[in-house]
Amino acid sequence: MRIATKLSLVTAACLLAACGGSTQTSTEQHSVCLTRPEALTPQKTRIYSGVVKAAHEIGLGFKTAGQIARIHVREGDYVRQGQLLAELDDADYRLAVEALQIQYDQLEDEVKRTSQLFEQKSVSANDFEKASAGLHQLGVQLRINKNKLDYTKLYAPADGYIRSVGFSAAEMVDAGTSVMTLLDASPLEVSVDIPVEEYQRRGSVIRYNCRASGIAASMPLRFLSVAPKADGNQLYTLELAFTDRPDATLTAGMNVEVEIVSADSTAAHGHTVPLRALFNDGQNACVWVMQGDSTVVKRP
């Protein structure tokens, strides 16, 4: 009985010792993601909607009056510089040139004979000068009529698109009347409306860029002008020109996005971190900063 009691005590002691030796303190581990603060770029980019437009709209008309014989273009046609666009009936102008040409040739022969007689002292200097002056005057009239004959043809002064045609064949037009309107496609421009804040920052602009649907490359722009007065919506009209020749698919009337990149002095000394790296400590926003010994400290 005494032996059994001793064995029970020894067994209990061993069990207690075993339980005490297996007790360990567990530490909770958290996964963290490290990131580096990035310096803020000293530039700010803003995007506005703009419209491509022709730099000039040219009203085209004949320099002389007459009846329209033929119109060779329609609205929307693309024309090249020097291309024939329309013609007047030139029958009367052609007859006038032919009649004056005959008179000029006859008088020219007479002046040549008078010159020979003058050299032979058969005619006076006064008669010779009158004949020469008459020939010169008739020559001027002949050139004027030839110019009028040339004016019966209307040519494109530049590459572009025919925006509108206001007359048809057989109609009468006066000299200088606009027969059609040409959109000069050579120097395309971009018009964009900017708010007051952008207008006030116009002196800090670094560059302008333009993007259009269907055109992958960004096209650089240069400043032309800005309206000094706002419209009814408190917007200022900014006019920009393409630095290089724009893409051939870009035409007047297309909508584009204009990027305005300007200097940002407030961001010159700042840094940025992901939003998830911030936490609130009372009324302060703080971040955890990892030290060189792999410990972290809280920093506002």
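Tell me, which strands (runs of 3 or more DSSP E) wholly within segment 148-194 include 1 or more residues that are surrounded by fewer than 19 Cβ atoms within 10 Å (Cβ to Cβ) and at pLDDT below 95?
Details: elements: 153-155, 160-165, 178-194.
Because the criterion is at least 1 residues that are surrounded by fewer than 19 Cβ atoms within 10 Å (Cβ to Cβ) and at pLDDT below 95, the strands (runs of 3 or more DSSP E) in segment 148-194 that meet it are 160-165, 178-194.
What's the number of the only condition in (1) among the hydrophobic types (A, V, I, L, M, F, W, C); (2) exposed (fewer than 14 other Cβ atoms within 10 Å of the Cβ); (3) in the same structural domain as S213 (by TED's automatic domain parsing) that L95 fails to meet?
For L95, the failing item is (3).
Across segment 38-92, what is the total count of residues that are of a type in the set (F, W, Y) and outside the structural domain of V261 (by TED's automatic domain parsing)? Give the derivation first.
Within segment 38-92, the subset of a type in the set (F, W, Y) is 48, 62, 78.
Restricting the remaining residues to those that are outside the structural domain of V261 (by TED's automatic domain parsing) gives 62, 78.
Matching residues across segment 38-92 total 2.
Which is under 31 Å from the mean Cα position of the chain (by Cα) and not charged (D, E, K, R), of L142, L149, L183, L138? Give the derivation first.
Details: L142 fails: under 31 Å from the mean Cα position of the chain (by Cα); L149 fails: under 31 Å from the mean Cα position of the chain (by Cα); L138 fails: under 31 Å from the mean Cα position of the chain (by Cα).
It is L183.
Given segment 195-281, what strands (runs of 3 or more DSSP E) lie entirely inside it while holding 2 or more residues that are surrounded by 14 or more Cβ atoms within 10 Å (Cβ to Cβ) and among the aliphatic types (A, V, I, L, M)? It would help to see each step written out before you state the result.
Details: elements: 205-212, 215-226, 236-242, 255-263, 279-281.
Here the list reads 205-212, 215-226, 236-242, 255-263.
Identify the single condition in (1) more than 30 Å from V296 (Cα to Cα); (2) outside the structural domain of L142 (by TED's automatic domain parsing); (3) modelled with pLDDT under 90; (4) of a type in the set (D, E, K, R) that R113 does not satisfy, given that it satisfies every other one.
Here R113 meets the rest and fails (2).
The values are calculated or read from the model by the stated rules, or taken from the named source; none is laboratory data. Just so it is clear, the model here is predicted, and its values are computed rather than measured. Please note: Cβ atoms are built from the backbone with ideal geometry, for glycine as well, and neighbour counts cover all protein chains shown.
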